[in-house]
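Structure record follows, encoded as structure tokens.
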Amino acid sequence: MLGKLVQFHSIEELPDSPVTKGTTLWNPTGTWRSVRPIHVSRLSPCLLGCPAGNPVETFIRLIEEGDVDGALSAIHEENPFPAICGRVCFHPCEDRCNRGSLDGPVAIHLLERWVADRGTWKPVPPEKENGKSVAILGSGPAGLTAAYHLRRMGYAVTVYEKDRKLGGLLRYGIPAYRLPRKVLNREIKNLRKMGIVFKTGKSLTEEEFDARGFDAAILCVGAQKFRDPKLVHQEGKGVWQALEFLRGVNENDRVSLQGKALIIGGGNAAIDAARSALRCGADVTIAYRRTREEMPAFGEEVEAAMEEGVNFVFQVAPQSIKRGSDGQVTGVGFVKTRPGKPDETGRRKVIINPHETFTIEADQVILATGEVPADLPWDLEIRYGESLCETDREDVFVAGDVAGRQRTVAYAIGWGKRAAIAVDAYLQSKKVNFNKIAVPGGEGISMRAYLGTAQIPDKPVVPYEEVNTYYFPESEAARGRVLPKQKRLEGFNEVVQGLASPQARNEAARCFHCGDCVMCDNCLIFCPDVAISRAEGKEGYDIDLDHCKGCGICARECPRGAIIMVEENI
Amino acid sequence: MIEPNYSIEEEREFLHPGHLACQGCGATIAIRYVLKALGEKTVVVIPACCWSIIAGLFPSSCLGVPLIHTAFETSAVAATGARAALDMQGKEDVHVLAWAGDGGTFDIGFQALSGAAERNENILYCCYDNEAYMNTGIQRSSATPVGAWTTTTPKGGLEDRPKKNIVRIMAAHGIPYAATANVAFPDDLYRKAKKAASIRGMKFIHILSPCPTGWRIPSSESVEVARLATLTNLFPLYEVENGTDLTVNYIPPKKVTVENYLRPQGRFHLMSEEEKEGIQRQVDAAWEALLREAKKR
């Protein structure tokens, strides 16, 4: 804001001695400027990493402000399962976290878990029913997420689950030591309270769907089809498929396993099966065709399995199941392998050396050689359109593992959300630009952006170099306490414990809040032209562009890259 | 609530926008926090220096307090006079601030300054140090550090004499308070000015104030470079009370080499690696000596 210039129009007006009559506010030093600072909201790297589209930075900020319930509600805008995700997700958000370049990423998954365990969020039916109904087949993470979001938008939702209990892979695939059943039940119960109807032990045929007058359906039947390695003498007792084994364990709490169990495979199902078999009393070995570094299983899980005493044999390919004269399994015949040239995906091929054969003794064999998407229950084909959820029928959609691609809980949650948006857009005849509501350069999609309740920052992600690390003294990332090994092997008690409240608050305080102004006042403090002030009556700052010379100190001193300099149009 | 990084309770501003400092000038940040500490009952005395220009043209001033412009060598003695005049009128609660650059303090005004210190005049003398005569075109002063380029440094263009240790010289006068400060540490600067205001007698604060033009750095980096001066221990923050009681006010959390301070600045570009290593050794030795002296208390 410019001030008045004092001018003398005659000698008489001049003072006796040269004395100040006014300020320099009249002087528009803003004209010196070639670039101007703007406070912006920029993408934080964690947001790019989350396939479920969790508002990571936002909920951590709410924790820091002491609003745990607010933090939980913020997550619930995008993801109905923070307690589950905080436990089972392998946190790709943390791989992206800028703090990883300083002293270790913020333990986002532990904060999400803490918020979910300590905060309160009240599930309520929608204020208004919109009169339309949707059928969802399958109650895994994708199906339940789609049901949740559609219900929030006012749809009558019925979920059909062919199993006795709800949860799909969450219940029958993931062992309880990673996801305690009471946590799973708690988050599913929330959905019931919102008025979602569940039909367990039931499926729905296409004819029934048409006959019952549903407006749309989403098929979320998962990927449980066994990828058969077809070993010699594979048929017969003593050989399990990994998902079948895990289902047995998870349905009955435990199965009794004696002797040696040999797991074949290197994915997460192999590790889950191995650690479960260990808890059932077996002596466990995992045999994998490639090296440890090439295992698709998540690193932390592999480490935990090693810690608990699972043996690993790498670079071996199974050939045949060895059986005794009574038909009992006695071992598995292997050949050694070595890495070959990379294929078109960059992954090295496995070259088998048929002359180097050997046998590993085993009483039980669990085949964790992978799964492929289930066949669609209805006579339909998937047709990936803009939402990645379309099929031949315009009123039938797919979501989750059945649609292929990346198969983790977080992806399934993101996909369920996509399907909910696709259904709503179809039924309300809305045109949706999925690029507009997806996180640019990231994995997730934003329900808030779709509903128009929040915007995804459109400014580029903040790289580590733009974080002013002077303001972040080094500190170690929080870790969840783990049960001692002996306690772990006694049963299926949860291995990793959550954070205590002071720990969680400290951990939240480690967040850089990349690209999000938290009103730290640094820009105001260091402005040589006193041209920045706190905005009146709202959050944020005002910049006095009449006087700002565009030096750029504010942008440089912003600890978190929330100010950018843009060129003036001169 | 997320706490701000700095806590300076005075919300009023005594430095107004529209002043004539270059983009990114450290000397304006310096006076901003000193005046916040001293408050509205302050008279500022400014000799010839950058600030003669920054303050604005007659009849405008960017300072919200009275300001006397005076000759290059006379800031301390003019401040002495202002003090005497105020005291004669019974206005003993008004602070007198002499505000001079490094040329007017280390070189040209030194005689008057030493005299005022010796008489223990009740004034606060602040030197905003940008390490050369920047206003007139980057001429070397006795505050210019070893290895810096200026427009008047012979011998291949580099300063070869060490910077005068002005705070130790002032402390050697036995004055009640002498301190260093840095614009990149505004809370420390504010606290020191407040402390000085509470002490009767001669107070001296030496404030490192980056000059993007003369230091050959982008204006946006001026605070960052100034901060590095302290993080590398090249410009430690300390205060000396009554000539002997030394307290180190800031200990960097981890070692940062002086290379990090020298590299971004164009004025040091002509230095050889060997010279830089020499500076590192001097800085390490001086820092150790400072810590030893602080411990002796």
Provide a single number: the residues in the range A:530-562 that are open to solvent by less than 20 Å² (accessible area, probe 1.4 Å) and in contact with a Leu (Cβ under 9 Å, 6 or more places away or on another chain). 4
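Of all residues in the range B:1-16 being more than 7 Å from every other protein chain (Cβ to nearest Cβ) and in contact with a Lys or Arg (Cβ under 8 Å, 6 or more places away or on another chain), which is nearest to A:A509 (Cα to Cα)? Break it down into steps so the answer makes sense when it comes.
Looking only at the range B:1-16, we keep the residues that are more than 7 Å from every other protein chain (Cβ to nearest Cβ), and these are B:3, B:7-12, B:14.
Now drop any that are not in contact with a Lys or Arg (Cβ under 8 Å, 6 or more places away or on another chain), which leaves B:8, B:10, B:12, B:14.
Details: B:I8: 22, B:E10: 27, B:R12: 30, B:F14: 34 Å.
The selected residue is B:I8.
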Here are some residues: B:A289, B:A229, B:A285. Which one is within 14 Å of chain A (Cβ to nearest Cβ) and free of Cβ contacts under 8 Å to residues at least 60 places away in the same chain? B:A229
Return the total of residues in the range B:17-44 being within 17 Å of A:G550 (Cβ to Cβ) and either open to solvent by less than 10 Å² (accessible area, probe 1.4 Å) or at the interface with another protein chain (Cβ under 7 Å from one of its Cβ atoms) (or both). 10
Can you tell me which residue in the range A:234-263 is nearest to A:R178 (Cα to Cα), limited to those that are in contact (Cβ under 8 Å) with a residue 12 or more places away in the chain and of a type in the set (G, A, S)? A:A242
If the Cβ limit is 7 Å and pairs must be 6+ apart or interchain, which residue in the range B:233-255 that is within 14 Å of another protein chain (Cβ to nearest Cβ) pairs with which residue that is in a loop (DSSP other than H, G, I, E, B)? B:Y250/B:F185; B:Y250/B:L237; B:P252/B:N233; B:P253/A:P473
Could you count how many residues in the range A:198-214 are open to solvent by less than 30 Å² (accessible area, probe 1.4 Å) and free of Cβ contacts under 8 Å to residues at least 12 places away in the same chain? 0
Determine the pairs where a residue that is outside the structural domain of A:K182 (by TED's automatic domain parsing), located within the range A:476-495, has a partner that is assigned to a loop (DSSP other than H, G, I, E, B) and open to solvent by 100 Å² or more (accessible area, probe 1.4 Å) with Cβ atoms under 8 Å apart, the partner being 6 or more residues away or on another chain. A:G491/A:R254; A:F492/A:D253; A:F492/A:R254
Some residue of the range A:37-57 being modelled with pLDDT under 95, within 14 Å of chain B (Cβ to nearest Cβ) and open to solvent by 10 Å² or more (accessible area, probe 1.4 Å): yes
Given the residues A:E474, A:E465, A:E490, which is the only one that is more than 23 Å from A:A116 (Cβ to Cβ), within 12 Å of chain B (Cβ to nearest Cβ) and open to solvent by 40 Å² or more (accessible area, probe 1.4 Å)? A:E474
Qualifying residues in the range A:536-570 (those that are of a type in the set (K, R) and part of a loop (DSSP other than H, G, I, E, B)) - the one nearest to A:C511 (Cα to Cα): A:R560
Suppose we filter the range A:63-79 for residues that are closer than 27 Å to A:A147 by Cα and open to solvent by less than 40 Å² (accessible area, probe 1.4 Å); how many remain? 9
Among the residues of the range B:157-175, is there at least one that is at pLDDT 95 or above, open to solvent by less than 20 Å² (accessible area, probe 1.4 Å), within 20 Å of B:F110 (Cβ to Cβ) and assigned to a loop (DSSP other than H, G, I, E, B)? yes
Determine which single condition A:D392 fails, assuming it passes every other condition in (1) closer than 17 Å to A:G236 by Cβ; (2) assigned by TED's automatic domain parsing to the domain that holds A:L144. (1)
Of A:G195, A:G154, the only residue that is more than 28 Å from A:A274 (Cβ to Cβ), assigned by TED's automatic domain parsing to the domain that holds A:W378 and open to solvent by 30 Å² or more (accessible area, probe 1.4 Å) is A:G195
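Every residue, every condition in (1) among the β-branched types (V, I, T); (2) within 30 Å of A:K237 (Cβ to Cβ); (3) surrounded by fewer than 15 Cβ atoms within 10 Å (Cβ to Cβ); (4) at pLDDT 90 or above, yes or no:
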site	(1), (2), (3), (4)
A:R323	no, yes, no, yes
A:V329	yes, yes, no, yes
A:F334	no, yes, no, yes
A:T345	yes, no, yes, no
A:E356	no, yes, yes, no
A:A362	no, yes, no, yes
A:I366	yes, yes, no, yes
A:D375	no, yes, yes, no
A:E386	no, no, yes, no
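The values are calculated or read from the model by the stated rules, or taken from the named source; none is laboratory data. All values reported here derive from a predicted model rather than from experimental measurement. Cβ atoms come from the backbone with ideal geometry, glycine included; neighbour counts cover every protein chain shown. What goes into the accessible areas is simple: the full protein's heavy atoms, side chains included, and nothing from ligands, DNA or RNA. Shrake-Rupley method; radii C 1.70, N 1.55, O 1.52, S 1.80 Å.
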